[in-house]
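*Asks:* My questions all concern the structure below.
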Amino acid sequence: MTSSVKKIAVTGAAGQIAYSLLWRIANGDVYGKDTPVELQLLEIPAAIGGAEGVAMELNDSAFPLLKKITVTDKLEEAFDGTNAAFLVGAKPRGKGEERSDLLAANGKIFGPQGKAINDHAAEDIRVLVVGNPANTNALIAMHAAKDVPNERFNAMMRLDHNRAISQLSEKLGRDKTDIENLVVWGNHSATQFPDITYATVGGEKISELVEHDWYVDQFIPRVAKRGAEIIEVRGKSSAASAASSAVDHMHDWINGTERWASAAIPSDGSYGIPEGLIVGMPTVARNGKWEVVQGLDLSDFQKARIEANVKELQEERDAVADLLG
Ligand code: NAD
Ligand code: LMR
């Protein structure tokens, strides 16, 4: 049976990430192969031509599920009746910059978008913020959307999660799908904490299969700084891997997953993380909602790493206090 059509908004539609993301959405990789979709593409006026060209190419791809494309620079049109929104449109960092350096330029994008989502989106709206610094941009959008439940605003940690799985798979010589119960806590920044404490491969504890020094001195920084490594090698920030991870996140949020996934969601106070901050946590998704995996024991090492992320997110939040209406 065919489901009713879903409207999906993507901002930054003429950009690098969108050029990969839109094809996956149109292919049915978010809602599923029985759900038709309409794409609502937002760009700034200067890049509307680029977005129109992207729409032409999407049409030329003749996706059976893709029913309509709207290209616009108007927020109310982009978010009109939208069920899912990927907030991608924002400046990427260059070599030598941290993601938080983008806050001044990018933060102001997300308040008006949050307000437009509040006023025009569908009741079941789910928002995934990808534009950096993603956690704090998501916080800004969430604050501007007073009538939308906070839980509908997420930031992307899934790329970090996927990077961690890939690094472990390579180190252990084991299949990626055999790796479970991994989490990347915190901020999508170099402070993030890819945590293997509970991780298993085919049921074996990964912490007993790798050297502690490798974990602390190589694995954690490699994953945390992978974005910078990609910029260094590729000359541009990651795009297709970011798009793929955004699809993974939204797909699992909507369709559910019992496998742990790292998602940055508004904290409910679990593990002593202050409520309100949008923080990467160990999650599963049930009935269309993320649930924090409960009952984990935290060592002092873990607590210190999580605390460093909380501190950084609080500092970012303080830096944009004027945008948190
Ligand atoms: P890009 O420069 O190729 O594209 C960004 C697009 O956004 C441009 O076309 C620009 O015109 C558009 N844009 C700017 N302001 C806008 C606004 N107010 N409304 C709508 N569109 C707007 O950049 P990209 O490589 O696609 O990256 C986009 C963002 O995603 C960057 O901030 C980047 O750092 C971030 N990113 C995040 C992750 C993550 O894991 N969270 C991963 C990769 C990239
Ligand atoms: C990434 O992690 O690849 C993105 O956040 C881009 C960046 O600036 O590192």
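The values are calculated or read from the model by the stated rules, or taken from the named source; none is laboratory data. Here the structure is a predicted model, which is why all the values come from computation and not from measurement. A quick note on method: Cβ atoms are made from the backbone with ideal geometry, for glycine too, and the neighbour counts reach across all protein chains shown. For the accessible areas, the whole protein counts, side chains as well, though only heavy atoms, and no ligand, DNA or RNA atoms are used. Shrake-Rupley method; radii C 1.70, N 1.55, O 1.52, S 1.80 Å.
*Asks:* What's the total number of residues in the range 177-196 that are of a type in the set (A, V, I, L, M) and farther than 12 Å from M157 by Cβ?
*Replies:* The number of residues fulfilling the criteria is 3.
*Asks:* Another question, if that's okay. If a residue must be in a loop (DSSP other than H, G, I, E, B) and within 9 Å of ligand 1 (Cβ to nearest atom), how many such residues does the range 118-134 contain?
*Replies:* Residues in the range 118-134 being in a loop (DSSP other than H, G, I, E, B) and within 9 Å of ligand 1 (Cβ to nearest atom): 4 in total.
Conditions tested, residue by residue: (1) buried (at least 18 other Cβ atoms within 10 Å of the Cβ); (2) away from ligand 1 (no atom under 14 Å from the Cβ); (3) at positive phi.
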| position | (1), (2), (3) |
| --- | --- |
| T2 | no, yes, no |
| K6 | yes, yes, no |
| G12 | yes, no, yes |
| L21 | yes, no, no |
| I25 | yes, yes, no |
| E43 | yes, no, no |
| A51 | yes, no, no |
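*Asks:* Scan the range 135-184 residue by residue and report those that are within 11 Å of ligand 1 (Cβ to nearest atom) and outside any helix (DSSP H, G or I). Steps first, answer last, please.
*Replies:* If we filter the range 135-184 for residues that are within 11 Å of ligand 1 (Cβ to nearest atom), which is where we start, we get 135, 137-138, 154-163, 184.
Correct list: N154, A155, M156, M157, V184.
*Asks:* Quickly run through the range 271-320 and pick out the residues that are over 20 Å from the mean Cα position of the chain (by Cα), basic (K, R) and closer than 23 Å to N137 by Cβ.
*Replies:* R305, K311
*Asks:* Does the range 285-309 hold any residues that are under 14 Å from N154 (Cβ atoms) and surrounded by 14 or more Cβ atoms within 10 Å (Cβ to Cβ), and which are they?
*Replies:* Correct list: A285, K289, W290, E291, V292.
*Asks:* Would a scan of the range 132-146 turn up a residue that is surrounded by fewer than 24 Cβ atoms within 10 Å (Cβ to Cβ), within 15 Å of ligand 2 (Cβ to nearest atom), more than 24 Å from N287 (Cα to Cα) and not aliphatic (A, V, I, L, M)?
*Replies:* Taking every residue of the range 132-146 in turn, none turns out to be surrounded by fewer than 24 Cβ atoms within 10 Å (Cβ to Cβ), within 15 Å of ligand 2 (Cβ to nearest atom), more than 24 Å from N287 (Cα to Cα) and not aliphatic (A, V, I, L, M).
Residues are listed down the side, and each one gets a yes or a no for (1) open to solvent by less than 20 Å² (accessible area, probe 1.4 Å); (2) at pLDDT 95 or above; (3) assigned by TED's automatic domain parsing to the domain that holds P36; (4) away from ligand 1 (no atom under 11 Å from the Cβ):
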{"residue": "A62", "(1), (2), (3), (4)": "no, yes, yes, yes"}
{"residue": "I69", "(1), (2), (3), (4)": "no, yes, yes, yes"}
{"residue": "T72", "(1), (2), (3), (4)": "yes, yes, yes, no"}
{"residue": "E97", "(1), (2), (3), (4)": "no, no, yes, no"}
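*Asks:* Here's a follow-up. Quickly run through the range 223-250 and pick out the residues that are open to solvent by 30 Å² or more (accessible area, probe 1.4 Å) and farther than 16 Å from I165 by Cβ.
*Replies:* K225, A228, E229, I230, E232, V233, R234, G235, K236, A240
*Asks:* Somewhere in the range 178-194, is a residue under 21 Å from the mean Cα position of the chain (by Cα), open to solvent by 40 Å² or more (accessible area, probe 1.4 Å), closer than 26 Å to G288 by Cβ and within 16 Å of ligand 2 (Cβ to nearest atom)?
*Replies:* No, the conditions are met nowhere in the range 178-194.
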